[in-house]
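A.B. asks: So that we are looking at the same thing, I have put the structure below in structure tokens.
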Amino acid sequence: MTTTDSEALASLCHFAQLASGADLVMAVEVESNGRAAWTASSPALPVAGFNLARSGLFEAPWSGHAVEASAFRLPTAIVHALGGPARQLLFVPTPTRDAPLSGVLLLWRSPQPAGSMTAQVPLLAKGVARLLSARRESAREVIVQNQFIDLVESVPAGIVLIDGDGMGSVINEHAASLLGCAPGRLRAADLLSPMRALRERCDNHAELEQAYAAQVGNVNFAAKINWTLGERTFEVDTHPVRGNGEYGRIWLFTDVTADLLMAAELRRLASSDPLTGVPNRRHFEERSAQIIAAREASGRTVAVLMVDVDHFKKINDTHGHPVGDQVLKVVAKRCREALRERDLFARFGGEEFIALLAAPAIDEVPATAERLRSAIASAPINVDGVRIDVTVSVGGALGEALPGGDQSLLEGLTARADEALYRAKAEGRNRVSMAS
């Protein structure tokens with residue numbers, strides 16, 4: 001069993017007691033302001049704190065021989081530990097860097113016994129100083145380590161810290177839960193299998209393997225990659241400590257699932273009509289430009305259909321705006337179901353909707369427009385038990401996509417389809433009109 005610094009100090013105090021015949025021997029650690037604590041003693045006593053600033057011990061010229069104790073002012077804690085007033089005492093200085101007034105204090109309740117060897121006690125000074133320094137450094141390391149553990153456990157992310165020699169590692173609770181191992185200090189080699197297993201469970205395993213394989217042998221590489229585990233996504237940031245792989249490497253696992261969901265929801269809200277849930281006009285214009293730009297792959301013909309609810313003001317005036325809102329929701333749903341998956345459909349404003357048909361055959365456009373009209377007129381819309389007959393008018397226009405004309409083509413088709421729509425309205429509503 002390894003002997004601790006405190007146990008070694010206690011052994012030296014016991015040796016000094018036997019050699020000197022003292023009733024109490026204490027190894028005291030004393031800071032420059034006089035604050036002191038005995039770290040070991042013989043006989044063994046509980047460690048306590050006291051102050052020796054006004055004791056007079058540090059001003060006396062110690063030569064290794066005991067002197068009368070009456071010339072010194074000893075703290076009550078020492079008197080109680082001794083079991084009464086001291087008759088003689090000897091102080092052997094053992095200064096250390098952080099506690100320069102430290103030393104070994106020997107106390108006698110009566111005159112020294114004959115044959116005691118107090119002159120040999122100062123020979124222990126270097127050993128006591130070394131043990132006091134080592135004990136203080138060990139205590140400091142424990143404090144720092146505890147503070148480090150508190151720090152890594154307070155971070156709401158998984159942390160894996162690999163030592164610079166590549167042999168040891170520290171992982172916190174969050175990382176341990178992900179990796180399926182115990183938190184605390186581990187051999188770095190014991191983390192290889194859990195880390196590999198975690199990557200293999202990721203949905204984007206192949207992407208991760210390719211990214212990290214490219215960095216094999218580069219001790220200074222840094223990367224920030226998302227690891228997708230089912231419904232959860234972790235942003236995994238790895239980089240060398242202080243920018244140098246020789247100092248070690250850190251892996252940070254941050255759960256960004258909520259952030260990604262929020263970002264996706266914000267994008268959806270920014271691109272969707274809040275009432276009907278279909279894309280809004282801004283999204284339609286942006287996406288239409290992309291669809292037209294892809295004309296080489298999907299065909300050169302594109303078409304725009306404008307859909308407007310007939311007599312919508314009358315519906316609002318008769319049944320109220322909440323009912324009108326429900327009507328618009330049903331109209332949007334029926335239109336979306338009547339279109340192909342690849343067709344783009346959006347609310348253009350008010351009671352007006354718009355659709356972009358990518359690569360349709362020429363005869364498909366009027367048929368699709370008629371399908372939209374029929375989808376609305378085929379059955380009344382039921383809102384809270386009220387059956388409302390609703391119809392729409394549809395205007396359509398076809399065009400040929402030419403290189404460099406994406407925006408002008410869309411604007412032209414929209415304008416022509418709108419003219420056709422108003423022609424359908426003028427001709428009696430609930431009908432389709434195609435631009436020539």
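Nothing in this text is a laboratory measurement; each read-out follows from the coordinates by a stated rule. As the structure is a prediction and not an experimental result, all values here were calculated from the model. For neighbour counting, all protein chains shown are included, and Cβ atoms are generated from backbone atoms with ideal geometry for every residue, glycine included.
A.B. asks: Using packing as a proxy for protection, rank 241-252, 351-362 so that the peptide with the highest average count of other Cβ atoms within 10 Å comes first. Intermediate values should be presented prior to the final figure.
C.D. replies: On the way: 241-252: 15.7, 351-362: 19.7.
Listed from highest to lowest mean packing, they are 351-362, 241-252.
A.B. asks: Of the options Ala197, Thr39, Pro279, report the single residue whose Cα projects farthest towards the positive end of the charge dipole of the chain (beta-carbon charges: Lys, Arg +1; Asp, Glu -1).
C.D. replies: Ranked along the dipole, the leading option is Thr39.
A.B. asks: I need the shape label for region 5-138. Rule: rounded when a/c is under 1.5, else prolate if a/b > b/c, else oblate, with a, b, c from the alpha carbon gyration tensor. Numbers along the way, then the final one.
C.D. replies: On the way: a/c = 1.43, a/b = 1.20, b/c = 1.19.
Judged from the Cα gyration tensor, region 5-138 comes out rounded (a/c under 1.5).
A.B. asks: Follow-up question, since we're still on this one. At 0.36 nm per residue, and after removing the present C-alpha to C-alpha distance, how many nm does the segment from Arg281 to Ile388 gain when stretched out fully? Mind dumping the intermediate values first?
C.D. replies: Details: separation 107, 0.36 × 107 = 38.52 nm, distance 2.69 nm.
This chain segment gains 35.8 nm when fully extended.
A.B. asks: Something else: Cα to Cα, under 21 Å, and not fewer than 8 places away if on the same chain: which lysines meet these conditions relative to Lys425?
C.D. replies: Counting by Cα, and skipping residues close in sequence, Lys425 has these lysines nearby: Lys313, Lys314.
A.B. asks: Here is a further query. Could you identify which residue out of Ala377, Ala60, Ala37 has the top mean-square fluctuation in a GNM of the chain using Cα springs shorter than 10 Å?
C.D. replies: Among Ala377, Ala60, Ala37, the largest mean-square fluctuation in the Gaussian network model of the chain belongs to Ala60.
A.B. asks: Please enumerate, by chain and number, the aspartates and glutamates with C-alpha under 15 Å from the C-alpha of Lys333, excluding those fewer than 8 residues away in the same chain.
C.D. replies: Hits, sequence-local ones excluded: Asp273, Asp308, Asp325, Glu341, Asp343, Glu351, Glu352.
A.B. asks: Continuing with this model, one more query. Between region 346-363 and region 21-49, how many Å separate their Cα centres?
C.D. replies: 91 Å
A.B. asks: If one computes the Cα centroid of region 248-308 and of region 170-192, what distance in Å separates the two points?
C.D. replies: First find each Cα centre; the distance between them is then 40 Å.
A.B. asks: Taking the Cα centre of region 186-270 as origin and charging only Cβ (+1 Lys, Arg; -1 Asp, Glu), how large is the dipole, in debye to the nearest 20? Mind dumping the intermediate values first?
C.D. replies: On the way: 10 positive and 12 negative charges, 31 e Å.
In total the dipole reaches around 140 debye.
A.B. asks: I need the peptides 181-188, 413-420, 93-100 ranked by packing, meaning the mean over residues of other C-beta atoms within 10 angstrom, with the highest value on top.
C.D. replies: Descending mean neighbour count gives 413-420, 93-100, 181-188.
A.B. asks: I've got another one for you. Just to be sure I understand: with springs between alpha-carbon atoms less than 10 Å apart, which residue in Ala332, Ala157, Ala44 has the highest mean-square fluctuation in the Gaussian network model of the chain?
C.D. replies: Ala44
A.B. asks: If you place +1 on the Cβ of every Lys and Arg, -1 on the Cβ of every Asp and Glu, and leave all else neutral, what size is the dipole of the chain about its Cα centre, to the nearest 20 Debye?
C.D. replies: On the way: 44 positive and 51 negative charges, 147 e Å.
For this selection, approximately 700 debye.
A.B. asks: Also, I was wondering about something else. Within region 28-67, name every residue whose backbone N is under 14 Å away from a label modeled 7 Å from Cα of Leu18 along the Cβ vector.
C.D. replies: Backbone N within reach: 42-43.
A.B. asks: When the dipole is taken about the Cα centre of region 272-434, and only Lys, Arg (+1) and Asp, Glu (-1) are charged at their Cβ, what size is it in debye, to the nearest 20? Display every interim value, and only then the final one.
C.D. replies: Numbers: 22 positive and 24 negative charges, 54 e Å.
Computed about the Cα centre, the dipole is about 260 debye.
A.B. asks: What list of ³J(HN,Hα) couplings, whole Hz, do you get for region 280-292 from phi and the Karplus terms 6.51, -1.76, 1.60, once you set θ to phi - 60° and write x for glycine and proline?
C.D. replies: 3J(HN,Hα) across region 280-292, in whole Hz: 8, 5, 4, 5, 4, 5, 5, 6, 4, 4, 5, 5, 5.
A.B. asks: For the chain, what does the helix formula give at 222 nm: sum of -39500 (n - 2.57) over DSSP H segments with n ≥ 4, over the residue count, nearest 500 deg cm²/dmol? Each step should come with its number before you reach the end.
C.D. replies: Details: 13 runs with 172 residues, N = 436.
Counting only the DSSP helices, I get -12500 deg cm²/dmol.
A.B. asks: Okay, next question. Averaging sequence separations of C-alpha pairs under 8 Å and six or more residues apart, then dividing by the length of the chain, give the relative contact order as a whole percent. Working shown, then result.
C.D. replies: Details: 769 pairs, mean separation 40.1, N = 436.
Dividing the mean separation by the residue count of the chain yields 9 percent.
A.B. asks: Please determine, in degrees from 0 to 90 and to the nearest 10, the orientation of helix 364-377 with respect to the longest principal axis defined by the Cα atoms of the chain, where the helix direction is its Cα long axis.
C.D. replies: Relative to the chain, helix 364-377 is tipped by roughly 80 degrees.
A.B. asks: Suppose R0 equals 41 Å. What FRET efficiency, 1/(1 + (r/R0)^6) with r the Cβ-Cβ distance, do Asp363 and Arg187 give to the nearest 0.05?
C.D. replies: Details: r = 73 Å, r/R0 = 1.77.
Plugging the Cβ-Cβ distance into 1/(1 + (r/R0)^6) gives 0.05.
A.B. asks: Let me ask another. List, in order, the whole-Hz ³J(HN,Hα) value for each residue of region 202-212 obtained from phi through the Karplus relation with A = 6.51, B = -1.76, C = 1.60 and θ = phi - 60°; use x for Gly and Pro.
C.D. replies: 6, 5, 9, 4, 4, 4, 5, 4, 5, 5, 7
A.B. asks: Could you check which residue among Ser154, Ser110, Ser193 shows the biggest mean-square fluctuation in a GNM of the chain with a 10 Å Cα cutoff?
C.D. replies: Of the options given, Ser110 has the highest mean-square fluctuation.
A.B. asks: Please name which of Leu123, Leu107, Gly21 has its Cα lying farthest along the dipole of region 5-138 towards the positive end, using unit charges on Cβ (Lys, Arg +1; Asp, Glu -1) and the Cα centre as origin.
C.D. replies: The listed residue farthest towards the positive side: Leu107.
A.B. asks: Under 8 Å for C-alpha pairs, at least 6 residues apart: give me the relative contact order for region 155-305, rounded to a whole percent.
C.D. replies: About 19 percent, as a whole number.
A.B. asks: Further question: Could you tell me which residue out of Gly324, Thr391, Leu409 lies farthest along the dipole of the chain toward its positive end? Charges go on the beta carbon: Lys and Arg +1, Asp and Glu -1, centred on the Cα centre.
C.D. replies: The listed residue farthest towards the positive side: Gly324.
A.B. asks: Straight-line reach only, C-alpha to C-alpha below 18 angstrom: list the aspartates and glutamates that Lys126 could link to, leaving out same-chain residues fewer than 8 apart.
C.D. replies: Output for Lys126: Asp5, Glu7, Glu29, Glu31, Asp98, Glu137.
A.B. asks: Which of [x] 1.42; [y] 0.92; [z] 1.04 is the computed Rg/Rh (Cα atoms, Kirkwood Rh) for the structure on display?
C.D. replies: Computing Rg/Rh (Cα atoms, Kirkwood Rh) and matching it to [x] 1.42; [y] 0.92; [z] 1.04 gives [x].
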